[in-house]
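Enquirer: Below you'll find the structure I mean.
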Amino acid sequence: MVSAEDRVAVLEEIEQRVRWLATAVVDHANRVRPNPTGLKVGGHQASSASMTTLMTAHAAIRNLGGSPTSNRTSSWSPRRTC
């Protein structure tokens, strides 16, 4: 069986990769793709980072048990990313 710590480590790795991808998508849209009109694509990286952290926390709670307001049944705890 996979330990809670290993599951959290996997979720954190996925979180980091999704955050990187969100930044890369916005950067590509604004700097690399042909853009004859000069229109910039929105997508603030802080919003992407916040949503990624929320979804990772949701996945951790769902997969490791417990709830945000009850006593946790695992060693998982939220970590500050900003």
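Enquirer: Six or more apart or on different chains, Cβ atoms under 9 Å: show the pairs whose first residue is in segment 46-67 and without any contact (Cβ under 8 Å) to a residue 60 or more places away in the chain and over 15 Å from Arg17 (Cα atoms) and whose second is of a type in the set (Gly, Ala, Ser) and exposed (fewer than 13 other Cβ atoms within 10 Å of the Cβ).
Expert: Filtered contacts from segment 46-67: Ile61/Ser67.
Enquirer: Could you tell me whether Ser70 is at pLDDT below 85, more than 15 Å from the chain's Cα centre (by Cα) and not basic (Lys, Arg)?
Expert: For Ser70, the condition - at pLDDT below 85, more than 15 Å from the chain's Cα centre (by Cα) and not basic (Lys, Arg) - is met.
Enquirer: Sticking with this one: Of all residues in segment 27-41, which are in a loop (DSSP other than H, G, I, E, B) and under 24 Å from the mean Cα position of the chain (by Cα)?
Expert: Those that are in a loop (DSSP other than H, G, I, E, B) and under 24 Å from the mean Cα position of the chain (by Cα): Lys40, Val41.
Enquirer: Go through segment 8-26 and give me each residue that's modelled with pLDDT of 85 or more and not hydrophobic (A, V, I, L, M, F, W, C).
Expert: Answer for segment 8-26, where residues must be modelled with pLDDT of 85 or more and not hydrophobic (A, V, I, L, M, F, W, C): Glu12, Glu13, Glu15, Gln16, Arg17, Arg19.
The values are calculated or read from the model by the stated rules, or taken from the named source; none is laboratory data. Not measured: the values here are computed from a predicted model. Ideal geometry is used to build each Cβ from the backbone, glycine not excepted, and the neighbour counts take in all protein chains shown.
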